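> I'd like to ask you about the structure that follows.
What follows draws every value from the coordinates through simple rules; no lab data is involved. Just so it is clear, the model here is predicted, and its values are computed rather than measured. A quick note on method: Cβ atoms are made from the backbone with ideal geometry, for glycine too, and the neighbour counts reach across all protein chains shown.
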Amino acid sequence: MSIKGELKRNEILQLLADGKCHSGEDIGKFLNISRASVAKHIKMLTQFGISINSQAGSGYQLSTPLNLLNYKTIVEALNFPIRVDVCNIISSTNDYIKNKINSCKKGMTCLAEAQTAGRGRQGKKWESPFGASIYLSMYWHFEAGYQSVNGLSLVVGIAVNNVLRELGINTSQLKWPNDIYANDKKLAGVLIELEGQIGAGCDAVIGIGLNVQLGAAVVDITQPWTDLSQQLRQTPDRNLIAAKIINELYSLLSIFETKGFPAFEHLWQRYDWLMEKEINLSIGESVETGIGRGVDSQGALLVECDGKIKRFYGGDVSVRAS
Ligand code: BTN
């Protein structure tokens, strides 16, 4: 994909975002390209999953208006002097940060309209349709290395949940270690990738995917999901939500790097979706069964198994059907 072509497609989307019909001729004049080139770019955009109706003789129109990411709106709403790169269609925001890791400063963030290779935990694919969610990755450096990041993913979940509560989603909760649920359905997920040497500082790429308005086109998600438009009964501005997440994440990470997870333990207990639930915890081939009893001061999951509290540092949790 050429950068020039991507810029043109971005400009076309900016024009179409209002949801009105625009003729190929007008778009071509505005971008200084031929009608045939406009048609070529439109075809590529539809191949990325963007639904554009082509009406012979009148022009092109988005099936539904888009709320595009806007660099200026996001940066103006930030409380910290952070570099934010707003991208159009990229492989993955986590990869974007990883590729720049040597020049990143703490808090550097990448946002994208769509990801062609978005990934979730445990090697799963993260559905990333254009303009439908927030795909965000933030860089952080932990001077004290791997041993200082215990509970990091839980703190990231708390940051996202604080924003959701502020938006008025009172049912949002956290599923250990880093899923965000609302009304028992997944609303957002967190993927943290760490790089570093034992005994030295470590770099963290913190990826967040938050469903905003996924729409019916998404059929590949295998678990019950929800999005902000369902939870709020309207679709909020992605730019303001992105800015809120960046602000909250930056400020919680600044506390976390000095105080660690103990400073957040009480918040987790308040938001814990697994608390008192009967759960199965899969670790490799084995499955442990018990009752969720919160987390310890390092963020490990506490499960009551046959009357005894056990601590777990990894695994995949599911709630047992009642
Ligand atoms: C999960 O619940 O499995 C974690 C999902 C994390 C998805 C986000 S979207 C932004 C960032 N880029 C990626 O490729 N993944 C994360």
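> What does the helix-only formula give at 222 nm for the chain: each DSSP H stretch with n ≥ 4 adding -39500 (n - 2.57), the total divided by the residues, and the result rounded to the nearest 500 deg cm²/dmol?
Value at 222 nm, helices only: -9000 deg cm²/dmol.
> If you count the DSSP beta bridges with both ends in the chain, what percent of them are antiparallel, to the nearest 5?
For the chain, the DSSP antiparallel bridge percentage is about 85.
> Separate question: So which trypsin sites (Lys or Arg not before Pro) in region 193-281 pass both tests, a DSSP loop state and at most 10 other Cβ atoms within 10 Å of the Cβ?
Passing sites in region 193-281 are R233.
> How large is the Kirkwood hydrodynamic radius of region 162-227, in angstrom, based on all distinct alpha carbon pairs?
13.7
> Further question on the same structure: Do you know the Lys pair count in region 111-265 for C-alpha distances under 17 Å, with sequence separation 8 or more or different chains? Show your work: numbers first, answer last.
Details: K124/K186; K125/K186; K175/K185; K175/K186.
Count of close lysine pairs: 4.
> Among H41, H141, rank each residue by its count of other Cβ atoms within 10 Å, from fewest to most, as a rough exposure measure.
Ordered by Cβ neighbours within 10 Å, fewest first: H141, H41.
> When only DSSP loop residues count, what trypsin sites (Lys or Arg not before Pro) in region 1-93 have their Cβ near at most 14 other Cβ atoms within 10 Å?
Passing both the DSSP loop test and the Cβ count: K20, R83.
> In what order do C87, C305, C110 fall by count of nearby beta-carbon atoms within 10 Å, going from fewest to most?
C305, C87, C110
> I've got another one for you. Relative to the longest principal axis of the chain, what angle (0 to 90°, nearest 10) does the C-alpha long axis of helix 3-16 take?
Result, in degrees: 80.
> Right, next: If every alpha-carbon in region 22-69 counts as one equal scatterer, what log10 I(q)/I(0) does Debye give at q = 0.15, 0.16, 0.23 1/Å?
Treating every Cα as an identical point scatterer, log10 I(q)/I(0) equals -0.38, -0.43, -0.87.
> Averaged over all directions, how much area does the convex hull of the C-alpha atoms of the chain cover when projected, in nm²?
In nm², the orientation-averaged hull projection of the chain is 18.1.
> Using a Förster distance of 25 angstrom, determine the FRET efficiency expected from the C-beta separation of K125 and Q47, and round it to 0.05.
0.90
> What angle do you read, to the nearest 10 degrees and between 0 and 90, between the alpha-carbon axis of helix 238-259 and the longest principal axis of the chain?
So the inclination is approximately 30 degrees.
> If you line up the long axis of helix 35-47 against the longest principal axis of the chain, both from Cα atoms, how many degrees apart are they, to the nearest 10?
With rounding to tens, the tilt is 20 degrees.
> Put +1 on the Cβ of each Lys and Arg and -1 on the Cβ of each Asp and Glu in the chain; which of G201, L111, I27 then has its Cα farthest toward the positive end of the dipole?
Farthest towards the positive pole: I27.
> Jot down the radius of gyration and Dmax of region 64-190, Cα atoms only, both in angstrom.
15.1, 48
> Mind checking which of G299, S54, P65 is farthest towards the positive end of the chain's charge dipole, using Cβ charges of +1 (Lys, Arg) and -1 (Asp, Glu) about the Cα centre?
Sorting the options by dipole projection puts first S54.
> So what J values fall out for region 113-122 if you push phi through Karplus, 6.51 cos²θ - 1.76 cosθ + 1.60 with θ = phi - 60°, rounded to Hz, Gly and Pro as x?
3J(HN,Hα) across region 113-122, in whole Hz: 6, 8, 10, 8, 9, x, 10, x, 5, 6.
> Let me ask another. Running Debye on region 177-270 with equal point scatterers at the Cα sites and no solvent, what base-10 log of I(q)/I(0) appears at q = 0.10, 0.23, 0.24 Å⁻¹?
-0.36, -1.36, -1.40
> In whole Hz and in residue order, list the ³J(HN,Hα) couplings for region 92-106 that follow from phi through the Karplus curve 6.51 cos²θ - 1.76 cosθ + 1.60, θ = phi - 60°; x for Gly and Pro.
6, 5, 4, 5, 4, 5, 4, 5, 10, 4, 5, 10, 6, 9, 3
> Within 10 Å of each candidate Cβ there may be at most 15 other Cβ atoms; applying that plus a DSSP loop requirement, which GluC sites (Glu not before Pro) in region 236-322 survive?
Filter output for region 236-322: E276, E285.
> Another question, if that's okay. Would you mind computing, in nm to one decimal, how far apart the modelled labels at E166 and E288 are, each placed 7 Å from Cα along Cα→Cβ?
Result: 3.5 nm between the two label points.
> I've got another one for you. In nm, what is the difference between 0.36 nm times the number of residues separating T258 and S23 and their Cα-Cα distance?
79.0 nm
> OK, next. Could you check the simple spin-label distance between I198 and R311, using points 7 Å along Cα→Cβ, in nm with one decimal?
2.0
> Calculate one ³J(HN,Hα) per residue across region 78-84 by plugging θ = phi - 60° into the Karplus curve 6.51 cos²θ - 1.76 cosθ + 1.60, and present them in order as whole Hz with x for glycine and proline.
Running phi through 6.51 cos²θ - 1.76 cosθ + 1.60 with θ = phi - 60° gives 8, 8, 10, x, 10, 7, 10 Hz.
> Which residues does a label at Q14 reach in region 123-138, if reach means a backbone N under 18 Å from a point 7 Å past the Cα toward the Cβ?
Those under the cut-off are 131.
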